[in-house]
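Remarks on the structure that follows.
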Amino acid sequence: MALTKQQLIKAYKVLAQGVVYLDEKLSLGVLVYIEAKAVEFGIARDEYLTLENLQSSFPYVSMGSYMPINFFGNQATDVALPLYHESILKPISLKLCKVIPQEGFCSIHRWTTVASYSEDQIEEAIHALIAVLGNDEHFSQCIQCKNYRPSGYIDDVQTCECCKEQLLVVA
């Protein structure tokens with residue numbers, strides 16, 4: 001899957017807002033990868049991502065692994081796995097919380113698994129994370145506050161629930 005500059009820019013902005021949770025096995029490697037891609041694409045940034053940006057307490061996207069991931073090829077593996085393990089073992093999972101608006105102020109939140117990946121597919125998994133964050137079906141920008149929100153929180157005129165509530169109070 002080819003990564004575009006526009007996808008990366010939007011994904012970077014969404015990540016900086018802290019709506020993602022990456023577990024401790026993935027967060028540092030993903031942070032280094034995305035910052036390196038931002039440099040490669042020549043993306044200007046006012047601030048850099050931090051580990052705190054990638055470990056939200058209330059995420060809408062989650063990526064985790066139940067095994068340590070050898071991002072930089074410098075870690076020895078403690079466990080000898082059979083040769084066939086790559087075809088069946090996919091420890092990395094990417095999940096998305098879809099927000100379904102309801103009448104009134106309560107929305108329904110549904111977690112779905114986007115995909116699962118093996119360790120040797122880590123780059124593909126990061127590209128899928130960037131694609132999810134860069135997809136307008138999942139995250140849209142509010143025209144009032146300019147923040148990216150899950151699309152279920154954005155109305156037909158591209159205003160998020162927070163700004164809509166503030167506009168109702170002022171009116």
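Which numbered condition trips up residue 113, out of (1) in contact (Cβ under 8 Å) with a residue 60 or more places away in the chain; (2) open to solvent by 50 Å² or more (accessible area, probe 1.4 Å)?
(1)
Would you call residue 72 at pLDDT below 75 and among the aromatic types (Phe, Trp, Tyr)?
Working: at pLDDT below 75: yes; among the aromatic types (Phe, Trp, Tyr): yes.
Judged against the criteria, residue 72 is a match.
So which of 118, 151, 107, 140 is at pLDDT 90 or above, touching a Phe, Trp or Tyr at 6+ places or on another chain (Cβ under 9 Å) and open to solvent by less than 50 Å² (accessible area, probe 1.4 Å)? Break it down into steps so the answer makes sense when it comes.
Working: 118 fails: touching a Phe, Trp or Tyr at 6+ places or on another chain (Cβ under 9 Å); 151 fails: at pLDDT 90 or above; 107 fails: at pLDDT 90 or above.
Just a single option satisfies the conditions, and that option is 140.
Just give me the residues in the range 110-129 being within 21 Å of residue 58 (Cβ to Cβ) and among the hydrophobic types (A, V, I, L, M, F, W, C), in sequence order. First the steps, then the outcome.
The initial filter retains those residues of the range 110-129 that are within 21 Å of residue 58 (Cβ to Cβ), namely 110-114, 129.
Once the filter is applied, which keeps residues that are within 21 Å of residue 58 (Cβ to Cβ) and among the hydrophobic types (A, V, I, L, M, F, W, C), the range 110-129 yields 111, 114, 129.
How many of the residues in the range 32-53 are open to solvent by less than 50 Å² (accessible area, probe 1.4 Å) and over 13 Å from residue 122 (Cβ atoms)?
First, pick out the residues of the range 32-53 that are open to solvent by less than 50 Å² (accessible area, probe 1.4 Å): 33-35, 37-38, 43, 49, 53.
From what is left, the residues that are over 13 Å from residue 122 (Cβ atoms) are 35, 37-38, 43, 49, 53.
Final tally of qualifying residues: 6.
Looking at the range 36-65 only, could you name the residues that are assigned to a helix (DSSP H, G or I) and under 14 Å from the mean Cα position of the chain (by Cα)? Can you show your working first?
Step one: of the range 36-65, the residues assigned to a helix (DSSP H, G or I) are 36-40, 52-54.
52, 53, 54 - these are the residues of the range 36-65 that are assigned to a helix (DSSP H, G or I) and under 14 Å from the mean Cα position of the chain (by Cα).
Of the residues in the range 3-29, how many are β-branched (Val, Ile, Thr), part of a helix (DSSP H, G or I) and under 10 Å from the mean Cα position of the chain (by Cα)?
Taking the range 3-29 as the starting set, the residues that turn out to be β-branched (Val, Ile, Thr) are 4, 9, 14, 19-20.
Those still in the list that are part of a helix (DSSP H, G or I) too: 9, 14.
Filter once more, keeping what is under 10 Å from the mean Cα position of the chain (by Cα): 14.
Selection size over the range 3-29: 1.
Across the range 1-25, what is the total count of residues that are open to solvent by 70 Å² or more (accessible area, probe 1.4 Å) and either in contact with a strand residue (DSSP E or B) (Cβ under 7 Å, 6 or more places away or on another chain) or touching a residue at least 40 places away in the same chain (Cβ under 8 Å) (or both)? Even if it seems obvious, please write down each step before you answer.
First pass over the range 1-25, keeping only residues open to solvent by 70 Å² or more (accessible area, probe 1.4 Å): 1-2, 5-6, 13, 21, 24.
Okay, now just the ones that are also either in contact with a strand residue (DSSP E or B) (Cβ under 7 Å, 6 or more places away or on another chain) or touching a residue at least 40 places away in the same chain (Cβ under 8 Å) (or both), so 1, 6, 13, 21.
Count: 4.
For the range 106-152, name all the residues that are over 17 Å from residue 12 (Cβ atoms) and either assigned to a loop (DSSP other than H, G, I, E, B) or touching a Ser or Thr at 6+ places or on another chain (Cβ under 7 Å) (or both).
106, 107, 113, 116, 118, 137, 142, 143, 144, 145, 151, 152
Of (1) under 21 Å from residue 72 (Cα atoms); (2) touching a residue at least 24 places away in the same chain (Cβ under 8 Å); (3) of a type in the set (A, V, I, L, M, F, W, C), residue 36 satisfies all except one. Which?
(2)
The values are calculated or read from the model by the stated rules, or taken from the named source; none is laboratory data. This one's a predicted model, so the numbers in the text were calculated from it and none came from an experiment. Cβ: placed from backbone, ideal geometry, glycine included. Neighbour counts: every protein chain shown. The protein model used for the area step is the full one, side chains on, heavy atoms only, and it has no ligands, DNA or RNA in it. Shrake-Rupley method; radii C 1.70, N 1.55, O 1.52, S 1.80 Å.
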